[in-house]
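Q: Next up is a structure, given as structure tokens.
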Amino acid sequence: MKKVLLIIMDGLGDRPNNSLNGKTALQAAYKPNLDYLASNGATGLMSPVSFGIRSGSDTSHLSILGYDPEKYYTGRGPFEAMGLGIGLEAGDIAFRANFGSVVDGKLVDRRAGRIKDTSELSKSLETSIDGVEFIIKSGVEHRAALVLRGINLSDKISETDPHNTDTEPLFTKPLKKEGEFTASVINKFIERSRRILNEHPVNLKRIELGELPANEIMLRGAGKIPEMPSFSEKYGMNAACISGTPLIRGIAKLAGLDIINVDGMTGRTDTNYENVINSAISSLKNYEFVLVNIKGTDIAGHDKKPELKKSVIERVDRAMEPLKKILGDTLVVITGDHSTPCSYGDHTGDPVPVLFSTEGILYDYVNSFDELGVSSGFYKIKSTDLMPIVLSYSERAEKYGA
Ligand code: ZN
Ligand code: ZN
């Protein structure tokens, strides 16, 4: 049996860029090591979750690891909370939260005048009501996540975001009997939040400057964290994850992977990729499966910066030099979790390149690891096919039939 190193370059797939002479970032990048692995491997295109699905990093990573997002993706709330670094526990209920502006009893702006930083406001709302702990963390601009921790909590409650303006802000209602207690503590929280936010120095200052106050917190996307069979139960491999992104670390933890911290891993484009790849290789001494998520490619795609995406790929490629030496006893798998084309600035449903490289398997004729290069490779797969192929190449698959 071989060890497995799965490297997911987030948002790797791209589309033609004018500034790169019509090439994708992968096509334009100098990447001898990725190309070496492609020439010494089986390659193809992978559709994350399914064909044409514009998957998020959360649904895609779940699917790649063999957890059907239809079953285990329990709403944006829990995954958003994990993305903001709130460590979730069994029984927690998590919401996406927005700060909005209420003037004269009416919601006038669902984004609180595009407020830049709500961290002080969020901090002022943390509390405990009727034995339920309220944990809140700010995200970008008006966004935040709220987690309720306590006993007998339910996600069967209505959202409090009216989704339009010029209307009264809402309270929540139980959608089923089991949601009554949760709805009552949330409504107490909302009343208390309104009092605090209306008198908060940040908001008084905003009003003084003629800006809209962030004085209403609206909740949606309620969900519990899913209970998932552990990765080692599913595949019989002990596993670890290296990622600078809280959302990916959260998903890895849900699947029972150990989290390995790496010096210089920032979750941004300035990550020390040498440290990341070298730590992954040394972790293979203790783990049979190591998942690495590299975020920089996705960030460059969202920022619509093709040169930056190309340069991230080149830096990652340089760090991959030592991978050539481990192919004897390790299956190296490299792919993306979705495309984030620089021309589009967000995730698209395009397929992403994938390669499987290890000594002794049959290689295809592909020798360039890019969207077009791998299109003549062996595979056209969905992300749900990835783990079965991994099990097969790493000599773990059980025989089907006699
Ligand atoms: Zn992603
Ligand atoms: Zn993204």
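The values are calculated or read from the model by the stated rules, or taken from the named source; none is laboratory data. The shown structure was predicted, so the numbers you read here are calculated from the model rather than taken from an experiment. Please note: Cβ atoms are built from the backbone with ideal geometry, for glycine as well, and neighbour counts cover all protein chains shown.
The rows are residues; the columns are (1) without any contact (Cβ under 8 Å) to a residue 60 or more places away in the chain; (2) within 16 Å of Leu254 (Cβ to Cβ); (3) more than 16 Å from ligand 2 (Cβ to nearest atom).
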{"residue": "Ala28", "(1), (2), (3)": "no, no, yes"}
{"residue": "Asn40", "(1), (2), (3)": "no, no, yes"}
{"residue": "Gly44", "(1), (2), (3)": "no, no, yes"}
{"residue": "Gly56", "(1), (2), (3)": "no, yes, no"}
{"residue": "Thr59", "(1), (2), (3)": "yes, yes, no"}
{"residue": "Gly83", "(1), (2), (3)": "no, yes, no"}
{"residue": "Gly87", "(1), (2), (3)": "no, yes, yes"}
{"residue": "Ala90", "(1), (2), (3)": "no, yes, yes"}
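Q: Looking only at the range 288-318, count every residue that is outside any helix (DSSP H, G or I) and closer than 24 Å to Gly66 by Cβ and tell me the total.
A: The number of residues fulfilling the criteria is 8.
Q: I've got another one for you. Name every residue in the range 234-250 that is modelled with pLDDT of 95 or more, crowded, with 18+ Cβ neighbours inside 10 Å and assigned to a loop (DSSP other than H, G, I, E, B), in order of residue number.
A: Passing the criteria: only Met237.
Q: So, one more: Quick one: how many residues across the range 290-307 are away from ligand 2 (no atom under 14 Å from the Cβ) and out of contact with any strand residue (DSSP E or B) (no Cβ under 7 Å at 6 or more places or on another chain)?
A: Of the residues in that region, 1 qualify.
Q: Just to confirm my filter: which strands (runs of 3 or more DSSP E) fall fully inside the range 79-132 and include at least 3 residues that are not small (Gly, Ala, Ser)?
A: Filter on the range 79-132 gives 93-103, 106-109.
Q: For Gly87, are the conditions met, namely being surrounded by fewer than 21 Cβ atoms within 10 Å (Cβ to Cβ) and either farther than 28 Å from Leu212 by Cβ or at pLDDT below 95 (or both)?
A: Yes, satisfied.
Q: Note down all Cβ pairs under 8 Å where the first residue falls in the range 166-184 and is within 27 Å of Ala112 (Cβ to Cβ), the second is among the acidic types (Asp, Glu), and they're at least six residues apart or on different chains.
A: If the second residue must be among the acidic types (Asp, Glu), the pairs left are Pro169/Glu216; Leu170/Glu159; Leu170/Asp161; Thr172/Glu159; Thr182/Asp155; Ser184/Asp130.
Q: Here's another thing I want to ask about it. I'd like to verify a number: residues in the range 21-80 that are closer than 30 Å to Ile135 by Cβ, more than 16 Å from ligand 1 (Cβ to nearest atom) and aromatic (Phe, Trp, Tyr), how many?
A: Selection size over the range 21-80: 1.
Q: For the range 265-287, how many residues are part of a loop (DSSP other than H, G, I, E, B) and of a type in the set (A, V, I, L, M, F, W, C)?
A: Residues in the range 265-287 being part of a loop (DSSP other than H, G, I, E, B) and of a type in the set (A, V, I, L, M, F, W, C): 2 in total.
Q: Another question, then. So which residues in the range 70-81 are buried (at least 22 other Cβ atoms within 10 Å of the Cβ) and away from ligand 2 (no atom under 16 Å from the Cβ)?
A: Gly77, Pro78, Ala81, listed by residue number.
So that you can scan it fast, the table gives a plain yes or no per residue for (1) more than 30 Å from Leu5 (Cα to Cα); (2) not in a helix (DSSP H, G or I):
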residue	(1), (2)
Thr160	yes, yes
Gly179	yes, no
Arg192	yes, no
Leu219	yes, yes
Pro226	no, yes
Ser232	no, no
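Q: How many residues does the range 347-360 hold that are in a loop (DSSP other than H, G, I, E, B) and away from ligand 1 (no atom under 11 Å from the Cβ)?
A: 6
Q: Something else: Restricting to the range 11-26, count the residues that are buried (at least 24 other Cβ atoms within 10 Å of the Cβ), within 16 Å of ligand 2 (Cβ to nearest atom) and assigned to a loop (DSSP other than H, G, I, E, B).
A: 2
Q: Six or more apart or on different chains, Cβ atoms under 7 Å: show the pairs whose first residue is in the range 99-122 and in the same structural domain as Pro162 (by TED's automatic domain parsing) and whose second is in a helix (DSSP H, G or I).
A: Close Cβ pairs (under 7 Å, with a partner that is in a helix (DSSP H, G or I)) amount to Phe99/Ala112; Phe99/Leu121; Gly100/Ala112; Ser101/Ala112; Ser101/Gly113; Glu120/Val202; Leu121/Leu197; Leu121/Val202.
Yes/no matrix, rows are residues, columns are (1) within 16 Å of ligand 2 (Cβ to nearest atom); (2) more than 30 Å from Gly22 (Cα to Cα):
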{"site": "Glu288", "(1), (2)": "no, yes"}
{"site": "Lys310", "(1), (2)": "no, no"}
{"site": "Leu327", "(1), (2)": "no, yes"}
{"site": "His338", "(1), (2)": "yes, no"}
{"site": "Tyr344", "(1), (2)": "yes, no"}
{"site": "Ser357", "(1), (2)": "no, no"}
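Q: In the range 90-130, how many residues are loosely packed, with under 12 Cβ neighbours inside 10 Å, under 16 Å from Asn215 (Cα atoms) and aliphatic (A, V, I, L, M)?
A: 0
Q: Listed residues Val333, Val374, Val366; which is surrounded by 19 or more Cβ atoms within 10 Å (Cβ to Cβ), away from ligand 2 (no atom under 16 Å from the Cβ) and in a strand (DSSP E or B)?
A: Val333
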